[in-house]
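For reference, the structure is listed below as structure tokens.
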Amino acid sequence: MFTKTTTALALSLTASSAMATDISWWHGMSGRNGEVINEISQQFNDAQDSCNLTPISKGTYEEALSSGIAAFRAGEQPNILQVFDAGSATIIAAQGATIPAEDLITGAGEAFNREDFIAGVRNFYADSAGKFIGMPFNSSAPIMYYNTQAFEAAGVEPPKTWEEFEQVAPKLKEAGYLPMTASQLTWMMVENFKSRNNQQFATNNNGYDSAEGTEMIVSDENTEMMFHKLKDWADAGLYGFYGAGWADNLKPFEEGKAAMWIGSSGSFGGLQKSANFEFGADFMPYWDAIEGAGTQSFIGGAALFAMAGKPDAENACTAQFFTFLTAPETQVYWHKNTGYVPITEAAYELAKSEGYYDEQPVAEVGIQQLMLPGGEWSKGYRMGFYPQIRSVMEREFNRIFSNETTVEDAFDTIETEGNALLARFAKSAS
Amino acid sequence: MTDALTTNGAPKTMRDRLRLWWRAEPAHPMKRAQFNAPLAPWLFVLPQIAVVVVFFYWPAIQAVTSSFYIEDPFGFGATFVGLENYKTALDSTQYASTAAFTAFFCVVVTTLALGFGLLLAVKADKVIRGAHSYKTLLIAVYAIAPPVAGLIGMMFFDMHIGPFTEIAAWFGYELKVGVNYWDTVVALVTIAVWKQIPYNFIFFLSGMQSIPASVREAALIDARSGWRRFCDVTLPLLAPTAFFLLIINITYTMFDTFPIIDVIVKDKPANNPMTLVYKVYLDGFKGNDIGGSSAQSVILMIVVAVLTVVQFRFLERRVHYG
């Protein structure tokens with residue numbers, strides 16, 4: 001069935017008018033999300049005659065970025081490259097590798113207004129002046145999923161804050177559930193601990209102002225407190241840590257053993273299929289004790305970058321596609337089929353007016369969290385070699401939970417190694 | 001066949017030797033090859049040389065060059081940093097522990113895979129009835145591609161549904177492959193050894209079967225103890241095979257276990273053990289740190305070169321080729 005659709009798609013893609021300008025799009029999505037990308041590309045090709053877009057999956061996010069880089073060095077880059085959140089500093093720092101999305105779109109004479117985008121996505125892929133370098137595409141937010149039955153059995157309400165979690169967790173445990181698991185602690189408990197609690201993540205305005213001299217701030221009192229709590233919860237059987245793998249931490253929730261799972265809003269589509277119990281979702285908890293906490297989260301997911309070095313005709317097509325992609329109808333289609341949030345206000349309104357959130361209230365949680373009031377530090381962060389910094393964090397977190405190190409030592413190591421990587425990155429950019 | 005360049009059939013100096021070689025004259029006429037034209041042999045090895053140049057020398061030179069720079073991955077800027085990349089790698093405790101694990105992994109996997117391979121070969125050699133099916137069953141694993149072997153292993157060791165995890169739980173041990181460092185080591189070693197045993201088995205078995213029956217029979221008269229016969233006759237005669245396998249197994253552990261590691265750590269190594277070559281991939285391809293990763297690959301290249309020289313100089317001398 002799948003091969004049939006792809007063949008049909010490939011045929012129809014090649015069959016479109018010979019006069020059309022061909023453009024390519026490399027992405028790092030597979031499974032259902034990859035199929036939806038094909039569908040959207042087909043919709044774009046059907047909607048006009050002058051451009052013909054071919055999407056190509058390059059594997060994972062990391063593989064898409066590596067392939068894009070290798071291709072760029074060989075002068076064989078695609079027109080559009082999907083780059084994930086952690087890789088954005090790398091591609092944005094390489095000025096000349098991309099055409100800023102905003103310049104591309106306005107240059108092609110298409111309308112563009114930053115204010116059309118929901119607040120949470122405006123800054124993450126923009127420069128420090130707010131100009132869009134990458135075109136936000138698949139955006140997600142870290143949210144809290146909960147097993148409705150578990151909370152009923154324990155006779156408690158899903159927590160809004162971590163303080164509330166400390167209240168309800170023992171009761172969930174008594175009711176026979178593992179109170180909480182969380183996937184990707186780097187994204188949840190560091191990056192979005194920073195955003196949800198409005199905490200500074202790095203010097204130089206969270207890294208936006210310059211790569212030179214940027215240092216990360218993670219060995220502070222609050223971040224360490226979060227991990228002391230997590231460790232204590234793990235020791236008390238209130239939190240289950242299953243390593244750095246995404247799926248290993250999701251599994252207990254899918255099996256109905258865990259009462260809560262901190263995951264991605266983009267996991268909604270998959271959970272609908274894999275979880276055979278009633279579940280709800282709410283914002284990711286924050287610390288009431290931290291002043292000014294409860295702000296919006298950073299967006300996760302990825303953005304699309306228009307690669308430089310392409311003829312004007314192709315760039316015009318890329319611009320046209322970016323505009324098509326932000327159209328409310330396209331966004332709603334993407335939103336409903338994947339679980340990623342709509343990135344424009346208009347798309348959100350359209351989904352709302354269609355009554356989608358009455359049927360699927362869980363689908364609205366991610367976008368609502370991104371539309372929460374922003375704080376000084378909740379706009380985003382920009383750090384080079386960030387995928388490697390994440391690896392360092394993953395290593396140290398595993399060591400914390402297997403009692404090989406203390407929270408303080410772990411964060412000292414993360415800061416030292418992270419800062420060394422940032423310093424190296426600053427040299428690479430010069 | 002006497003020539004100005006040779007006295008009594010042997011070349012006088014190194015220069016003469018080179019000239020003879022260029023003229024395709026054998027340095028020692030006794031060992032004369034069959035080619036008369038100087039060009040023909042080169043023509044035959046050319047495809048092989050081309051492959052080696054394109055896929056080995058050229059990238060190796062590139063790696064050495066980029067190891068002296070910190071580079072923007074897109075190729076816009078590069079800062080010459082001299083030996084800093086090497087210093088960063090060698091100073092890092094993470095690199096040191098990866099190197100230590102690689103050495104440990106090589107010793108353990110090679111020892112176990114060779115040991116089990118030899119044991120099974122000795123036992124299979126004695127089997128007369130149904131020998132064919134035994135051998136087929138033992139060799140079958142070799143047909144499994146390493147990533148698939150990794151996947152199968154991963155299913156056995158899975159934190160949530162793995163049978164090994166359940167068996168460990170019977171004994172009151174919480175096996176957490178992927179979280180606990182040594183648990184992951186056990187899983188990696190088990191899978192890597194399991195995958196390599198059949199290969200060693202094939203070579204040992206054919207090595208044993210090529211030992212002439214007359215030698216075996218003579219040994220049978222000399223010694224009653226099977227163990228002594230094995231130590232004094234079989235093992236020395238197996239030495240060339242064992243030496244070959246030793247090199248192959250070390251290379252396997254250092255490089256070919258890559259897909260197994262990739263599957264086990266699910267591309268998020270965290271604090272899990274990994275080999276040096278996996279770290280090169282991780283820093284270079286996932287971290288986009290081309291300079292740092294190149295320096296590591298050069299270090300690895302040197303290690304392998306040293307290892308090869310050591311093996312051939314010290315071990316091969318003791319090997320008797322029949």
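The values are calculated or read from the model by the stated rules, or taken from the named source; none is laboratory data. On a predicted model such as this, the values are computed, not experimentally measured, just so you know. Virtual Cβ from ideal backbone geometry, glycine too; neighbours counted across all protein chains shown. With ligands, DNA and RNA removed, areas are computed over all heavy atoms of the protein, side chains included. Shrake-Rupley method; radii C 1.70, N 1.55, O 1.52, S 1.80 Å.
Quick notes on this structure:
- For the segment B:85-93, counting C-beta atoms of other chains within 10 Å of every residue's C-beta and taking the mean gives 1.
- Rg and Dmax of chain B, Cα atoms only, in Å: 25.2, 82
- Heavy atoms of chains A and B lose about 3300 Å² of accessible surface on contact, summed over both sides with a 1.4 Å probe.
- The share of accessible area on chain A that comes from carbon and sulfur is 49 percent, using a 1.4 angstrom probe.
- Percentage relative contact order, the stretch A:144-211, counting C-alpha pairs under 8 Å, at least six apart: 18
- Highest-MSF residue in chain B out of B:T136, B:T253, B:T275 [GNM, Cα springs under 10 Å]: B:T136
- Using a cutoff of 8 angstrom between alpha carbon atoms and counting only pairs six or more residues apart, the relative contact order for the stretch A:18-85 works out to 45 percent.
- The protein assembly as shown: Cys lacking any partner C-beta under 4.7 angstrom: B:C106, B:C231
- For the stretch A:385-402, a decrease in accessible area of 50 Å² or greater in the assembled protein chains relative to the isolated chain, with a 1.4 Å probe, applies to A:F385, A:Q388, A:R395, A:N398.
- Per-residue shielding of B:197-207, expressed as the average number of other chain Cβ atoms within 10 Å of the residue Cβ, stands at 0.
- Net charge of neighbours whose Cβ lies under 9 Å from the Cβ of B:I70, counting Lys and Arg as +1 and Asp and Glu as -1: -2
- Residues whose amide H comes within less than 5 Å of that of A:D288, counting only those at least five positions distant or on another chain, are A:W162, A:E163 (H built at 1.01 Å from N in the peptide plane).
- Distance in nm between pseudo-label sites at B:E316 and A:E359 (7 Å out along the Cβ direction from Cα): 7.1
- Average beta carbon contacts from partner chains per residue of A:241-254, 10 Å cutoff: 4
- Measuring nothing but how far apart in sequence close Cα pairs (under 8 Å, 6+ apart) lie, relative to its length, the stretch B:210-322 scores a relative contact order of 30 percent.
- The stretch B:127-266 - convex hull of the alpha-carbon atoms, volume per residue in Å³: 155
- Centre-to-centre separation between the Cα atoms of the stretch A:195-237 and those of the stretch B:165-196: 33 Å.
- Interface residues in the stretch B:170-193 - accessible area drops by 50 Å² or more relative to the isolated chain, probe 1.4 Å: B:V179
- For the stretch B:199-322, with all protein chains in place and a probe radius of 1.4 Å, 66% of the accessible heavy-atom surface sits on carbon or sulfur.
- Antiparallel DSSP beta bridges within the protein assembly as shown, as percent of all bridges there, nearest 5: 60
- CD proxy at 222 nm, helix term only [per DSSP H run n ≥ 4: -39500 (n - 2.57); per residue of chain B; nearest 500]: -19500 deg cm²/dmol
- Magnitude of the charge dipole, chain A, Cβ model with Lys/Arg +1 and Asp/Glu -1, debye to 20: 860
- Whether the stretch B:38-167 is rounded, prolate or oblate, judged on the alpha carbon gyration tensor where a/c under 1.5 counts as rounded: oblate
- In the distance distribution for the stretch B:283-322, Cα-Cα pairs more than 13 Å apart total 63 percent.
- Look at where the Cα atoms of the stretch A:109-178 and of the stretch A:83-99 average out, and the two centres are 25 Å apart.
- Residue-normalised convex hull volume from the C-alpha trace of the stretch A:286-398: 175 Å³ per residue.
- Residue-normalised accessible area of chain B, expressed per residue, 1.4 Å probe, Å²: 57
- With a Förster radius of 35 Å applied to the C-beta separation of A:E329 and A:N205, the computed FRET efficiency comes to 0.45.
- Span-rule helices in chain B, defined as complete DSSP H runs reaching 24 Å or more along the axis (Cα) with Kyte mean at least -0.5: B:93-126, B:181-209, B:290-310
- For the peptides B:291-301, B:64-74, the ranking by packing is B:291-301, B:64-74, with the highest mean count of neighbouring Cβ atoms within 10 Å listed first.
- Size-normalised alpha-carbon gyration radius of the protein assembly as shown, reference 2.2 N^0.38 Å: 1.13
- Average projected area [Cα convex hull, the stretch A:11-112], square nanometres: 7.5
- The stretch A:314-368 versus the stretch B:224-250: alpha-carbon centroid distance in Å: 68
- Think of a 1.4 Å ball rolled over the protein heavy atoms: chain A then has 36 Å² of accessible area per residue.
- Seen from A:N206, the other residues with C-beta closer than 10 Å to its C-beta sum to a net charge of +1, counting Lys and Arg as +1 and Asp and Glu as -1.
- Axial C-alpha extent at least 27 Å, average Kyte-Doolittle at least -1.0 - helices from chain A (DSSP): A:407-429
- The ratio of the alpha-carbon radius of gyration of chain A to the globular-protein estimate 2.2 N^0.38 Å is 0.98.
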